[in-house]
Amino acid sequence: MSDDPVRASGPFRLTLHFARRVLIGAAILGLGALACATPIVAADVAPAVLGVLLIVSAALQAIHSLSLNDRALTRQARVAAAVSLIAGLLLVSWDQVVFSSLAALLGFSWIVDGGIKVWTAVRRRDVPQRRILLADGAINIVIGLCIAIRWPISGAWAVYVAVGLRLLSTGWSILLRRVSSDAADAADAQSHPDRLLGLPAHARIAAMRAAIMEDELRRAPIDIRWILTFLIVFFAIHIGRMDAEWNLVGLFSPAVAVAGDIFFALLIAYALIVPARLAWRSLSRPLVRRLWRWLLARDADRSGRIRAWIVSRWLARRMRFDLRLARARQSPISALLAGLRVGLPTAAVLIAFVPLLGVSWYFNTETWATGVWDTWAAHRTDPWREQMIGAVGKLKAVNATSDPDVFQVHPDIKEGEDFSFIVIGDTGEGDASQHALRDQFLALGAHPDIKFLVVSSDVIYPQGVMSDYEAKFYLPFKGFGKPIYAIPGNHDWYDSLEAFAANFFQPEAARATMRARRRADHLLTTTTEARVDGMVDQAAFLRQQYGVQCAAQRGPFFEVQTKGFALIAVDTGILRTIDSQQWLWLRAAMERSRGKFKMIIPGHPIYTAGHDVGEDDKGYAAFHQFLRESSVDVAMAGDTHDFEFYREAYKFDGHDRQMLHFVNGGGGAYISIGTALDWPKKPPMDDTAFYPRTDDEVAKLAVEVPRWKLPLWWWVHRLNAWPSSPEALAAAFASNRAPFFQSFVEVQVKPSAGVVRYHPYTANGRMHWRELQVFGQTMPTTASPDDFVEFTVPMTMVK
């Protein structure tokens, strides 16, 4: 008895049984999509959510098993439902103790499913799709073994991937697979695979179908070899373009890029090419039906052989597509291979042209690894940093968090003298947008008043690796003859801060902190002792060759203390967090700064794009309150790629106070257009400003947005709508052509005048007020639009 609601006459007949199968399959597919998204968007609650999804899936699988008429498949469905239920209950009551057992259980479910398929294919030799069923089962067994032994994916992600694949595969099989009896299979061999043609069983149809199936089986190994060849070539291209290091970590990023290429190939296949062919299949069905009836009616007629040969060839091509479609419905693995066969050639064209399209992030799969590294490193940053701080303390034989000298840096500033320094953020793209500022900060750095420079976030994009430092740090800063200090941004943490430490820490501190990170990960890393020494030595070589003065700090945070001024740079990692050891140091640094003008440089801004970050981040709100209680005068951060200003007025201990906030992340990365195009009607305070101006940004984009991006641009600009967040969408409009809207800030500390002045610079020199979009009383009443922008803060504020 057939599970497929198809009558011998041809057209589909909607039945309750068919509707139930479709609904259950679609529901489990939806659960699978949620399972894939959950670890990315809600990692903290992922185990519980995935557990609930598995339990719901188990109930749906059990309901579906009641309607199956094949004993083997019924047994398979019930075993899978039981495994899903047990795994779901274990995930809901997540415990690290049962982690290994859970991974083994999920892997076992794949092995059981594959084993039943292999056993069915071996026993039932008359099944037309026997080889496909056999291959599908073998692949499932391999996947199950990989999940059970947690290789090549380990940790919690092994479970997450297993759950997502399990649900997607189950939903696909229930939704699209047709389970039939032996009699129905035999009838199928005589029938056309497109039932809607309404053709009767015929020997000529059977012969053509058998010939195509035999040819498909011969071509399958060739297709697989071509697919593998494409993927190997893609991998080699990405290795060359990404300058990947030849170790497991270095080759991981090209592998992620290839995974992105596969995604695009499947997207192109199933979102564009296959729907177009299905539409043509539907429209041309009357013509195909007429041609088949003509061909079948003329079997005894020997005239018109050329015409019959042409029609037969075209109908064979059409039947080949129908058979491939039916095979894809039979198995997710077959659907995957079919999609790759169709989409990979177009993906190859996309890989070739992406560097020419001006797209730096979304359509360039070589940047997708940053998202993977972000997920991996985000929750490890604080434990790594704590171990690093302890290692520095042992190195100096002191308490690193309380000793006043461990994390201080000492630029050449004479006691009580006026001095200046530069703060530039988010520099490390290595392209024209970074080099556009180079002449400005090199010329400014030649002034004797400039004593040092601070890179306030994201020294290197996209993953902070050592191989990018020469082109994206040493070359752009070649000729700057003053000390350079830095705090890491999220991208610098993606390689466990190793390259950042090798280049900015004192050599002995770099070695100590990198080894501490290895111990924090229980030595489960490709970073060997030889690699540690090699990176530190390479950084020393580059400093010497380019004449860049760095490697003077001992950690990812530091302080500069002068008689009346304190600069405190804080590392907030990837998730705007500060570990317990850095908190101890920060409080001690604030005590050392008592009575001074205090400027803080955190890794993330407190206000950005017209919003208070603390509204959605209670931890960062507590950090903000600590700055208020410490009477911090100015907070300046990068991370957001533009220049912004906020004047915050507040009360504390009965006194009226103010804190100036600057976003200073326009040092080289693409500009965050969301600030200019999506500024809120009511920002958190009245006195605010941002650069570039909205009209300047719109004018640039209107000219530079290529035609293929115009629908997205019209959606954003004319409809004032965002398909994604403005910050996330900014990379879609990245452009490395003039006019450039990058910026940095000169800070002038003037004890002689009792003030600290802030001078923003653009690619063309000092910023003018006409270039800055201002609100409230940001611009002094005595200033004109042609005057240079200057923010002046007295050094004698109420403490």
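What is the percent carbon and sulfur in the accessible area of region 321-440, measuring with a 1.4 Å probe over the protein chains and ignoring ligands? Could you put the intermediate results ahead of the total?
Details: 2810 of 4800 Å².
The computed percentage sits at 59.
Hey, what did region 392-467 get for relative contact order, percent, Cα under 8 Å, at least 6 apart? Present the calculation step by step, with values, prior to reporting the outcome.
Numbers: 67 pairs, mean separation 26.8, N = 76.
Here the relative contact order equals 35 percent.
Identify the residues of region 504-526 with backbone N under 16 Å of a label point that sits 7 angstrom from the Cα of Lys394 along the Cα-to-Cβ direction, or state none.
Residues 508-524 qualify, since their backbone N sits under 16 Å from the label point.
Mind putting a number on the dipole of region 472-583 about its Cα centre? Charges go on the C-beta only, +1 for Lys and Arg and -1 for Asp and Glu, and I need it in Debye to the nearest 20.
Dipole size: approximately 240 debye.
Taking a probe of 1.4 Å, how large is the accessible area per residue of region 525-676, in Å²? List each step's numbers first, then the result.
Details: 4940 Å² over 152 residues.
Each residue of region 525-676 exposes 33 Å² on average to a 1.4 Å probe.
Rounded to the nearest 0.05, what FRET efficiency do Thr528 and His611 have when you use their Cβ-Cβ distance and R0 = 45 Å?
Details: r = 44 Å, r/R0 = 0.98.
Rounded to the nearest 0.05, the efficiency is 0.55.
Got a sec? What order do His655, His522, His491 fall in by accessible area at 1.4 Å, biggest, i.e. largest, first?
On the way: His655 80, His522 145, His491 20 Å².
Heavy-atom accessible area, descending, gives His522, His655, His491.
Can you tell me the FRET efficiency between Lys618 and Ala649 if r is taken as the Cβ-Cβ distance and R0 is 22 Å, rounded to the nearest 0.05? Working shown, then result.
Working: r = 23 Å, r/R0 = 1.02.
Once the sixth-power term is evaluated, E becomes 0.45.
Above 25 angstrom, tally the Cα pairs of region 194-308 and express them as a % of all pairs, no decimals.
In whole percent, the share of Cα-Cα pairs in region 194-308 beyond 25 Å is 53.
Expected output is a single nm value to one decimal: the length gained when fully extending between Asp243 and Ala138, i.e. 0.36 nm times separation in residues minus the C-alpha distance. What is it?
Going from the current span to full extension adds 34.2 nm.
With all distinct Cα pairs included, what does the Kirkwood hydrodynamic radius of region 501-557 come out to in Å, to one decimal, could you say?
11.6 Å
From largest accessible area down, sort Val256, Val774, Val703, Val52; use a 1.4 Å probe on the protein chains. Please list the in-between numbers first.
On the way: Val256 20, Val774 50, Val703 120, Val52 80 Å².
Largest accessible area first, the list is Val703, Val52, Val774, Val256.
Put a dot 7 Å past each Cα toward the Cβ at Ala783 and Leu272; how far apart are the dots in nm?
Computed distance between label sites Leu272 and Ala783 equals 4.8 nm.
Using 0.36 nm times the number of residues separating His717 and Leu89, minus their current alpha carbon distance, what extension gain do you get?
So the extension gain works out to 221.3 nm.
Take the Cα of Gln549, step 7 Å along the line toward its Cβ, and report every residue of region 415-440 whose backbone nitrogen sits under 16 Å from that point.
415, 419-423
Using the crude model of +1 on Lys and Arg Cβ and -1 on Asp and Glu Cβ, and no other charge, please compute the dipole size for region 744-799 relative to its Cα centre, in debye to 20.
240 debye
Per 0.36 nm of contour for each residue apart, how much would the distance between Phe353 and Arg285 grow if the chain were fully extended, relative to their Cα-Cα spacing?
Contour length minus the Cα-Cα distance gives 20.8 nm.
Determine, from the Cβ-Cβ distance of Asp696 and Asp439 and an R0 of 30 Å, the FRET efficiency 1/(1 + (r/R0)^6), rounded to the nearest 0.05.
My answer for the efficiency is 0.90.
Take Phe740, Phe441 and sort them by solvent-accessible surface of the protein heavy atoms, 1.4 Å probe, largest at the top. Display every interim value, and only then the final one.
On the way: Phe740 45, Phe441 5 Å².
Largest to smallest exposure gives the sequence Phe740, Phe441.
Leaving out ligands, DNA and RNA but keeping every protein chain, what accessible area does Arg293 have, in Å² rounded to the nearest 10, with a 1.4 Å probe?
140 Å²
Give the residue list of GluC sites (Glu not before Pro) in region 391-449 that are DSSP loop and have at most 12 other beta-carbon atoms within 10 angstrom.
The qualifying sites are Glu415.
Ile63 versus Trp376, label points 7 Å from Cα toward the beta carbon: distance in nm?
4.0 nm
The values are calculated or read from the model by the stated rules, or taken from the named source; none is laboratory data. Please read all numbers here as calculations on a predicted model, not as lab measurements. No Cβ is skipped: glycine too gets one built from the backbone with ideal geometry, and neighbour counts run over all protein chains shown. Ligands, DNA and RNA are excluded from the accessible area calculation, which covers all protein heavy atoms including side chains. Shrake-Rupley method; radii C 1.70, N 1.55, O 1.52, S 1.80 Å.
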